[in-house]
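Here the structure comes first, spelled out in structure tokens, and everything after it is commentary.
The values are calculated or read from the model by the stated rules, or taken from the named source; none is laboratory data. Bear in mind that the values here come from a model prediction, so they are computed numbers and not experimental data. Note that we place each Cβ from the backbone using ideal geometry, even for glycine, and neighbour counts take in every protein chain shown. The area values use the complete protein model at the heavy-atom level, side chains included, leaving out ligands, DNA and RNA. Shrake-Rupley method; radii C 1.70, N 1.55, O 1.52, S 1.80 Å.
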Amino acid sequence: MRWINIWKSAVLLLLAACSPITFANRMISRTGYHVVNDVAYGKDPRQKLDFYVPDHPTGPVLLFFYGGGWQGGTKSLYPAFGQAFATKGILVAIADYRIYPQVRYPEFIKDSAQAFAYVHAHAAQYGANPKQLIVAGHSAGAYDAMMLAADPRYLKDASADLSQICGVIGIAGPYDFLPLTDPSYIAVFEGNDRRESQPINYIDGKRPPMLLAYGTSDTVVDPGNSVRMAAKLRSFGSTVRLKAYPNTGHVGIILSLIPGLRWMTPLRADMLDFIASTTTDCES
């Protein structure tokens, strides 16, 4: 195991010395899919998404929200995510959403709901099955994805419905993280102890099947967030796969989806297995 840790450290040092988007773009294949950029799901410039459309779609749809502490990020940084799943026949949508300081909680969740409603309404025109729609996210994006399933009011306000979520994939997500101590996050949520902002507090019944993945060495988001959320979901009869990746940090877990780095964790294989089995159970 020691040599694996050394290799992971070397990779992260390499990435720190170059642009992540440049690194990812050099490693991904451009065959088997095409990209439709900047599709508007709302009126704001940040309310846009990119579709990664497989040449031979198999049905499932994967809507992904990236992380960035609700203060940064852009969909243009995630071509490797799109490639990882579009080459397996899955229609991938990667959404931008409004962030702080333009907006505060809960506006980014409302954007996520709008993006979901748009993808559900338009997936069929790209050859996918909207009834097989999986919503996913990393870090702050996992929070956004989880809130759609935890508090169905956001989907309802966007003219969508909880029943339209086939499954949820949360990668290193914060679901139960009060009280806040970082001033920037206190600003985002306009307070340090707002219980209504916590996804775990809305689990009051069965929710769609979920895959919750985390790295045991994550020092950005406490892995206990995933463990506690899994326990709460299971207490109401929800199906949850909880995956812990040893010696993996907050950034390393998402980097492990990039070709050439997939040896770092089995995240991609676990996601593909979850998508295949979960969408089979959704209405065809």
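Does residue 219 satisfy being in contact with a strand residue (DSSP E or B) (Cβ under 7 Å, 6 or more places away or on another chain) and assigned to a loop (DSSP other than H, G, I, E, B)? So residue 219 does not fit the description; no. Here the range 94-124 is the region considered, the condition is being among the charged types (D, E, K, R) and in contact with a strand residue (DSSP E or B) (Cβ under 9 Å, 6 or more places away or on another chain), and the residue that is least open to solvent (accessible area, probe 1.4 Å) is 111. Being closer than 18 Å to residue 104 by Cβ, of a type in the set (A, V, I, L, M, F, W, C) and either at pLDDT 95 or above or touching a helix residue (DSSP H, G or I) at 6+ places or on another chain (Cβ under 9 Å) (or both) is a condition met by at least one residue of the range 158-179.
Contact map, the range 101-126: residues that are within 23 Å of residue 91 (Cα to Cα) paired with residues that are among the polar types (S, T, N, Q) and in a loop (DSSP other than H, G, I, E, B), Cβ distance under 8 Å, separation 6+ or inter-chain. Pairs shown: 111/47; 114/47; 115/47; 117/159; 123/129. The set of residues in the range 205-230 that are under 16 Å from residue 174 (Cβ atoms) and of a type in the set (A, V, I, L, M, F, W, C) comprises 210, 212, 213, 220, 221, 227, 229, 230. For the range 192-204, filtered to residues that are of a type outside the set (S, T, N, Q) and touching a helix residue (DSSP H, G or I) at 6+ places or on another chain (Cβ under 8 Å), the residue that is nearest to residue 153 (Cα to Cα) is 202.
Please enumerate the residues belonging to the range 233-249 that are more than 26 Å from residue 107 (Cβ to Cβ) and open to solvent by less than 30 Å² (accessible area, probe 1.4 Å). The answer is 238, 240, 245, 248, 249. Among helices (runs of 4 or more DSSP H) entirely within the range 128-199, having at least 1 residues that are farther than 26 Å from residue 252 by Cα, open to solvent by 10 Å² or more (accessible area, probe 1.4 Å) and not hydroxyl-bearing (Ser, Thr, Tyr) singles out 153-157, 183-189. Count of the range 64-79 residues, restricted to those that are of a type in the set (Gly, Ala, Ser) and buried (at least 24 other Cβ atoms within 10 Å of the Cβ), is 1.
Go over the candidates 213, 269, 230 one by one and state the one that is open to solvent by 20 Å² or more (accessible area, probe 1.4 Å) and aliphatic (A, V, I, L, M). Even if it seems obvious, please write down each step before you answer.
On the way: 213 fails: open to solvent by 20 Å² or more (accessible area, probe 1.4 Å); 230 fails: open to solvent by 20 Å² or more (accessible area, probe 1.4 Å).
Step by step, each of 213, 269, 230 is checked, and only 269 is open to solvent by 20 Å² or more (accessible area, probe 1.4 Å) and aliphatic (A, V, I, L, M).
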